[in-house]
Structure formats: structure tokens, C-alpha cells
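The values are calculated or read from the model by the stated rules, or taken from the named source; none is laboratory data. What you see is a predicted model; the values in this text were computed from it and never measured. Ideal geometry is used to build each Cβ from the backbone, glycine not excepted, and the neighbour counts take in all protein chains shown. Side chains included, ligands, DNA and RNA excluded: accessible areas come from the protein's heavy atoms. Shrake-Rupley method; radii C 1.70, N 1.55, O 1.52, S 1.80 Å.
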Amino acid sequence: MSTYDQDTQLQIDALNAAGCERIYEEKQSGAKKDRAELQHCLKSLREGDVLIVWKLDRLGRSLQHLIDIVADLENRKVGFQSLTENIDTTSSTGKLIFHIFGSLAEFERGLIRERVKAGMAVAKKKGKRFGRPESLSDKDKEIAITMLTGGHLKIDIARHFKVTRQTIYNFFNGIDKDE
């Protein structure tokens, strides 16, 4: 279930009609990563069991998550059925349908990756910088160099700028490599 105010009775009735011996009920979003009841359910399954869900979105937070769960079940020789979508991996046709879903998801991820790379390349050409902002401004870097040549310890320089020692070491190591 996605929220506490939703009624699970329709789902429970469908699962009982399908002959489920044990029903796990969790009233929290399927988008959440750490769902205790789902973890208990998955751990309890043994070879030859069949995991039955009322609807695919009740099981996974994304298509990739669903594919990962079903692949794990398949490796453990546990079947999977979704009542609403009429998917049953205990049959050859059901396995084919689910693998088609997986292939489409992989294709979509590839397209997204390509679009992101292309977008980043365009942004870089326009001067966009990625990653964390630098801890030290150009002026701070000049002051740090002056402090070091004036005899200050790197740890003191780090304390002065309220940055980690590693930031200062990385900065000075970068200078040494540039020279």
C-alpha cells in the first residue's frame, strides 16, 4: 500500500482467491527502498515457492528494481506472478514477457545515459563545471601559498580556512604537479 488511508481489502481478497498461503502487508510507498515486510517476504521464499503480488507496482520502486527482484527469485528457483498484469514466470510465456520488460528497461536506461552524456558535453562546452564547488577561492589559494612560503604548517593553513587537511594537501600536490 502507498498510504495508511488506503484500503488493502481488494488486494487481500485477490491474493486469497489466488490461493496465497501467507500475505505480507505493508502500508508504505512502493518507492521506498527499505521496506521491512518486503525484505521478510523475500527472505522467507524457498525453492519451488511462488511470490504472488496483486500488481507489479506493489513490489518494486522502479522497473529496474522489479527486474532485479525477479532475477533474484529466478536464480533461487522461486516463481513470480502478478495478478493484475497477468504475468507468471512459472510459464515460458510469462518469462518471455518479463524479459521483454527487462530489455525495454535496459534500452531506456541506455537512451537516458546517452542523453545525459550529450547534455553534459554541451554544458562543458559552454563552460559549466560539474562536481563539488572548490573549497578555496582563487584569493584563498594565493593566501595559502603565501602562508606556506612564510613557514606556516599545512595543518595551520587548513584550520585558517576551515577546511580539511586533505583539501590543503590536495591543493599543494596539484601545484607541485603543475610545475
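A few notes on this one:
- Scan of the range 153-172 for residues that are polar (S, T, N, Q) and open to solvent by less than 60 Å² (accessible area, probe 1.4 Å), ordered by number: Thr167
- For the residues Gly79, Gly94, Gly150, Gly127, the requirement of being touching a Ser or Thr at 6+ places or on another chain (Cβ under 6 Å) and either under 25 Å from Asn16 (Cα atoms) or loosely packed, with under 14 Cβ neighbours inside 10 Å (or both) singles out Gly79.
- Of all the residues in the range 137-161, those that are outside any helix (DSSP H, G or I) and within 15 Å of Ile175 (Cα to Cα) number 1.
- Some residue of the range 63-71 being over 25 Å from the mean Cα position of the chain (by Cα), surrounded by 10 or more Cβ atoms within 10 Å (Cβ to Cβ) and not aromatic (Phe, Trp, Tyr): no
- Condition check for Glu142: more than 30 Å from Asp49 (Cα to Cα), under 26 Å from the mean Cα position of the chain (by Cα) and acidic (Asp, Glu): no
- Total residues in the range 46-74 satisfying the condition of being assigned to a loop (DSSP other than H, G, I, E, B) and either aliphatic (A, V, I, L, M) or touching a Leu at 6+ places or on another chain (Cβ under 6 Å) (or both): the figure is 3.
- Of all residues in the range 1-51 being out of contact with any Gly (no Cβ under 9 Å at 6 or more places or on another chain), open to solvent by less than 90 Å² (accessible area, probe 1.4 Å) and of a type in the set (Ser, Thr, Tyr), the one that is modelled with the highest pLDDT: Ser44
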